[in-house]
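Everything on this sheet refers to the single structure shown next.
The values are calculated or read from the model by the stated rules, or taken from the named source; none is laboratory data. Because the structure is a prediction, the values reported are computed rather than measured. Cβ placement follows ideal geometry from the backbone for every residue including glycine, while neighbour counts extend to all protein chains displayed. Just so you know, the surface numbers come from the protein's heavy atoms only, side chains and all, with ligands and any DNA or RNA stripped out. Shrake-Rupley method; radii C 1.70, N 1.55, O 1.52, S 1.80 Å.
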Amino acid sequence: MQRFLDLADLSLEQVHTTLALASRLERRAEPRALAGKILGLLFMNPSLRTLSSMQAGMARLGGSSFVINPGNGTWQLETRDGTVMDGAAAEHIREGLPVLASYCDALGIRAFAEGSDLEADLNETRFRAMAALIDKPLINLESALSHPCQSLADWKTLDELDVPHSGKFVLSWAWHPRALPLAVAASTVHMAAMRGMEVVVLRPEGFALPTPIMDKARRAAQGNGGSVRESADRREAFTGAHVVYAKEWARTTDYGDAAADAAARAGLRDWCLRESWFASARSDCRLMHCLPVRRNVAIDDALLDGPRAVVLRQAYNRLPAQMAVLYQLLKTAE
């Protein structure tokens, strides 16, 4: 493994190998495996689980890490090419990123979607520009369209819960007071499709995932015995479901138009998941969410605190999953 940018870049065999390694390191860590190795972490956006689990994973393998939050104790970074830098940003990524990469053995970058130009975000324009400046192993800590660390941990969680590969997986839109990026939704639908599941994307009208995201997931499903479809019928979508994954995302028909998005979601506050939604699901159907989650906005208290929810298990699995990625990137690079 040279880079970990998108789960789609891995073969099914590579995913299984990485998950097996994650389980092995979880049971028996190798505290000297990455001794002397340094992981750089660049967070253009906030984090709780990704930041802490990457640092903890590196430490458990004997390595060290440093964290850069541009504008918070360091210079703000400009990412646009050809811009006149007479604003807040004092340094361009063209200088900043090669410098950071020279200080470490691997670099992780979080750079969310800018949320104004759908085509640019679908093409990962900003993240690709940043990745092109790095000559070291690189980890995507969430970009405009991909969160592979989350998806790897989610796959591990599904395996631990003995959710069948042919089971029914529902990715359900949930309400949020503002438009959120597409990365987790896109990664999740692809992960479940790659696993070979029957995937249903449940969403209100106007909130369909973009065609390139759905087409990519359908190709993964076709190659692994799964299927992908969309629905606006909540009861039909939940019928027989093994897993429901709640996630908030932006209205794609008015992408980048905050006023139109707000107006469209204003009447959708009933898209707060609760136990009554699961009436037609399997009795052992599980609830997943990547976190952070707004209680009684996206999911109600009773459901989050009930036996269906496995959100804390997902969050814990970020640690061993990412340890496996770090091990493969750095241990084998010697």
Inset, instruction - Starting from the stretch 129-151, keep only residues that are touching a residue at least 12 places away in the same chain (Cβ under 8 Å) and farther than 19 Å from Lys37 by Cα, then list their pairs with residues that are in a loop (DSSP other than H, G, I, E, B) and open to solvent by less than 10 Å² (accessible area, probe 1.4 Å) whose Cβ atoms are within a distance under 7 Å, requiring at least 6 positions of separation or different chains. - result: Met130/Ala111; Ser143/Ala111; Leu145/Leu182; Cys149/Leu141
Legend entry - Scan of the stretch 104-141 for residues that are within 14 Å of the chain's Cα centre (by Cα) and among the small types (Gly, Ala, Ser), ordered by number: Gly108, Ala111, Ala113
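Go through the stretch 233-249 and give me each residue that's open to solvent by 10 Å² or more (accessible area, probe 1.4 Å) and closer than 30 Å to Ser116 by Cβ. Can you show your working first?
Filtering the stretch 233-249 for residues open to solvent by 10 Å² or more (accessible area, probe 1.4 Å) gives 233-236, 239-240, 242, 247.
The one that is open to solvent by 10 Å² or more (accessible area, probe 1.4 Å) and closer than 30 Å to Ser116 by Cβ: Lys247.
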Legend entry - Test result for Ala221, within 12 Å of Met197 (Cβ to Cβ) and without any contact (Cβ under 8 Å) to a residue 60 or more places away in the chain: yes
Inset, instruction - Return the residue satisfying two criteria in turn: it lies in the stretch 40-80 and is among the charged types (D, E, K, R) and under 20 Å from Leu97 (Cβ atoms), and of such residues it is surrounded by the most Cβ atoms within 10 Å (Cβ to Cβ). - result: Glu78
Legend entry - Condition met for Gly256 (small (Gly, Ala, Ser) and modelled with pLDDT under 95): yes
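Output the residue which, of all residues in the stretch 277-322 that are of a type in the set (S, T, N, Q) and over 21 Å from Gly240 (Cα atoms), is surrounded by the fewest Cβ atoms within 10 Å (Cβ to Cβ).
Just the residues of the stretch 277-322 that are of a type in the set (S, T, N, Q), to begin with: 280, 283, 296, 314, 317, 322.
Next, only the ones that are over 21 Å from Gly240 (Cα atoms) stay: 296, 314, 317, 322.
Values: Asn296: 12, Gln314: 23, Asn317: 26, Gln322: 29.
Out of the qualifying residues, it is Asn296.
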Legend entry - Among (1) touching a Pro at 6+ places or on another chain (Cβ under 7 Å); (2) over 25 Å from Arg110 (Cβ atoms); (3) open to solvent by less than 30 Å² (accessible area, probe 1.4 Å) - the single one Lys168 does not satisfy: (1)
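Tell me whether the stretch 199-211 contains one or more residues that are assigned to a helix (DSSP H, G or I) and surrounded by fewer than 15 Cβ atoms within 10 Å (Cβ to Cβ).
First, pick out the residues of the stretch 199-211 that are assigned to a helix (DSSP H, G or I): 211.
Filter once more, keeping what is surrounded by fewer than 15 Cβ atoms within 10 Å (Cβ to Cβ): 211.
Scanning the stretch 199-211, I find at least one residue that is assigned to a helix (DSSP H, G or I) and surrounded by fewer than 15 Cβ atoms within 10 Å (Cβ to Cβ), so the answer is yes.
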Legend entry - Count of the stretch 117-149 residues which are open to solvent by less than 40 Å² (accessible area, probe 1.4 Å) and part of a loop (DSSP other than H, G, I, E, B): 10
Legend entry - Complete set of residues in the stretch 81-98 that are surrounded by fewer than 21 Cβ atoms within 10 Å (Cβ to Cβ) and closer than 23 Å to Val325 by Cα: Pro98
Legend entry - So Pro210, is it touching a residue at least 24 places away in the same chain (Cβ under 8 Å) and touching a Leu at 6+ places or on another chain (Cβ under 9 Å): yes
Inset, instruction - Return yes or no: is Glu114 open to solvent by 20 Å² or more (accessible area, probe 1.4 Å), modelled with pLDDT under 95 and not β-branched (Val, Ile, Thr)? - result: yes
Inset, instruction - Please identify the pairs in which a residue from the stretch 167-181 that is farther than 17 Å from Tyr255 by Cβ has its Cβ atom under 6 Å from the Cβ atom of a residue that is of a type in the set (Phe, Trp, Tyr), counting only partners at least 6 apart or on another chain. - result: Leu171/Tyr245; Ala174/Trp271; Trp175/Trp271
Legend entry - Odd one out for Ala186, checked against (1) touching a residue at least 40 places away in the same chain (Cβ under 8 Å); (2) within 17 Å of Leu10 (Cβ to Cβ); (3) assigned to a loop (DSSP other than H, G, I, E, B): (3)
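Taking the options Glu124, Glu160, Glu114, name whichever one is in contact with a helix residue (DSSP H, G or I) (Cβ under 9 Å, 6 or more places away or on another chain) and at positive phi. First the steps, then the outcome.
On the way: Glu160 fails: at positive phi; Glu114 fails: at positive phi.
Answer to the check: Glu124.
Evaluate the following for Pro181: is it closer than 24 Å to Leu107 by Cβ and of a type outside the set (Phe, Trp, Tyr)?
On the way: closer than 24 Å to Leu107 by Cβ: yes; of a type outside the set (Phe, Trp, Tyr): yes.
It is true that Pro181 is closer than 24 Å to Leu107 by Cβ and of a type outside the set (Phe, Trp, Tyr).
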